[in-house]
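Enquirer: A single structure is presented below for examination.
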Amino acid sequence: MRPPYSTLTPTRIYDYAAALLEFHLQWQDHGPKCTVKLLLQVLFYAAGHLCSVFAACNQLRDVPSDQAVRDALAALCPDPVPLEQRVNRLFAAQIPKSLRQRSQRVAIDLTLVPYHGQPHQQPAEIYRSQAKSGTTHFHAYATASIVHRGQRFTGALIRVEHGTPMVEGLKRLLHLARQAGIRPRLLLLDRGFYSVAVIRYLYQARYPFVMPVVRRGRSTDDPRGPRGTQVFAESKRSGWHTYPLTHADKQTATVQICGHCRNWQGRRGRHGRQPLVYACWGIGSRSTHWVYQTYRLRFGIETRYRQLKEARIRTTTRDPALRLLFVAIALILRNAWVWVHHQLLATPCRGGRKLNLGLLPFKTLLLWLAYLAIQTFGIVDSVAMAQAP
């Protein structure tokens, strides 16, 4: 007897993502032309082709003008604060029940989207950081993601404004993660959270963590020798150390330093020993190799960041709410991709499920959604030529 099977189609994926967005964003038809279904298909098309709403409306044949679609989005999209709340409720609805039943490793990440322009209303909307992509101005977003056996669901998303203490953003993010049913067993933090205030809060809240150490102090090139955390970064042997941190306001925190060394083996054209330095707490008597291998789980989060760029709708708008919406749609579609692989395409086996990521790459899922929009509205396949003089 043959085992039962079914076929996964683009329509099923669209129905899943569209139902979540329509319900949690509380969208309603904006007139007879700009319906919710039309808006979502235009947005999915723009996400699949990495283009703007303007380009999507010009490429699809039977859709309203780009100005009409932008007016509908501006009318339906609330301010950033209520929009952030709705988006986080949607993320919570996407997390499978099986991942809520036990504590998980949670990766905390800071994503910076380069921005070249002026603030929309307040200067605090623009985050300032080290130069990247030709600018020091960014729209910043912090995310909390579950890291469990190849499943990486985004569970919480917040905007980070300029001047907001990183510890306050971390508190908000962990509060939203708990509301979504996520119970952190170990936090894997980005190096942007390496500070005395964050470490003191994690101590008080009893959150075990691992994060990279920011290199500070004199390097080995200085005749007086290395100093500060550069001492650990120049070490050629793995080991554990204790290091006191001091902030400008004289707050202090003592942290465990894990130094793990491995050979470059020709990577990036380099040879010799590569020191990797982490700040840790609450992990017990683990080896430096365990810390290194555990933090490598974050590499999947870096893959999520790459996939975010593959699905983030391009825009030049200064409205932070629309920018937040476009980032959220990219993460929601990626969560849908993870859900499809876990619930529909995984092979049951002893000890869990075997993921078959090659059956449906994320880019293919995006192209499926764009193909539905083309089927519905048609594609512009001709261009008017200028008359010869």
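The values are calculated or read from the model by the stated rules, or taken from the named source; none is laboratory data. Being a predicted model, the structure only gives us computed values, none of them experimental. Ligands, DNA and RNA are stripped out before the accessible areas are found, and what is left, the full protein with its side chains, is counted by its heavy atoms. Shrake-Rupley method; radii C 1.70, N 1.55, O 1.52, S 1.80 Å.
Enquirer: Out of all Cα-Cα pairs in the chain, roughly what percent, to the nearest whole number, are more than 41 Å apart?
Expert: Working: 16319 of 75466 pairs.
So the pairs more than 41 Å apart make up 22 percent of the total in the chain.
Enquirer: Now for a different question. State whether region 1-66 is rounded, prolate or oblate according to the following rule on the C-alpha gyration tensor (a ≥ b ≥ c being the square roots of its eigenvalues): a/c under 1.5 gives rounded; otherwise a/b larger than b/c gives prolate, and the remaining case gives oblate.
Expert: On the way: a/c = 2.75, a/b = 1.74, b/c = 1.58.
Prolate, since a/c reaches 1.5 and a/b exceeds b/c.
Enquirer: Follow-up question, since we're still on this one. Taking Lys97 as the anchor, which lysines have their alpha carbon closer than 26 Å to its alpha carbon, excluding any fewer than eight residues away along the same chain?
Expert: Those lysines meeting the cut-off are Lys171, Lys354.
Enquirer: Cys349 accessible area, nearest 10 Å², 1.4 Å probe?
Expert: Cys349 has an accessible surface of roughly 70 Å² with all protein chains in place.
Enquirer: Can you give me the accessible area per residue for region 98-220, using a 1.4 Å probe, in Å²?
Expert: Values: 5410 Å² over 123 residues.
Here the per-residue accessible area is 44 Å².
Enquirer: Find the percent of Cα-Cα distances in region 231-389 that exceed 19 Å, and round it to a whole number. Could the numbers behind the result be given before it?
Expert: Values: 9420 of 12561 pairs.
Counting every Cα pair in region 231-389, those more than 19 Å apart make up 75 percent.
Enquirer: By a straight-distance test (C-alpha under 18 Å), which lysines pair with Lys363 as possible cross-link partners, with residues fewer than eight away in the same chain excluded?
Expert: Lys309
Enquirer: Turning to a different aspect of this structure: Whole number in Å², please: accessible area per residue of region 280-389, 1.4 Å probe, ligands, DNA and RNA not counted.
Expert: Working: 5610 Å² over 110 residues.
In whole numbers, region 280-389 has 51 Å² accessible per residue.
Enquirer: Quick one: with all protein chains in place, what share of the accessible area of the chain is carbon or sulfur, to the nearest percent (1.4 Å probe)? Before the final figure, lay out each step's value.
Expert: Numbers: 10110 of 19940 Å².
The nonpolar share, carbon plus sulfur, comes to 51 percent.
Enquirer: What does the convex hull of the alpha-carbon atoms of region 76-186 project to on average, in nm²? Don't jump to the answer; show the numbers that get you there.
Expert: Numbers: hull surface 32.2 nm².
Directional mean of the projected Cα hull area for region 76-186 stands at 8.1 nm².
Enquirer: Calculated from DSSP H runs of 4 or more alone, at -39500 (n - 2.57) each and per residue, what is the 222 nm mean residue ellipticity of the chain, nearest 500? Please report the intermediate quantities before stating the final value.
Expert: Numbers: 13 runs with 153 residues, N = 389.
Helices in the chain give a 222 nm mean residue ellipticity of -12000 deg cm²/dmol.
Enquirer: I would also like to ask the following. Pull out a ≥ b ≥ c, the square roots of the eigenvalues of the alpha-carbon gyration tensor of region 1-152, then state rounded if a/c is under 1.5, prolate if not and a/b is larger than b/c, and oblate in the remaining case.
Expert: Details: a/c = 1.80, a/b = 1.09, b/c = 1.65.
Oblate is the answer for region 1-152, as a/c is 1.5 or above yet b/c matches or exceeds a/b.
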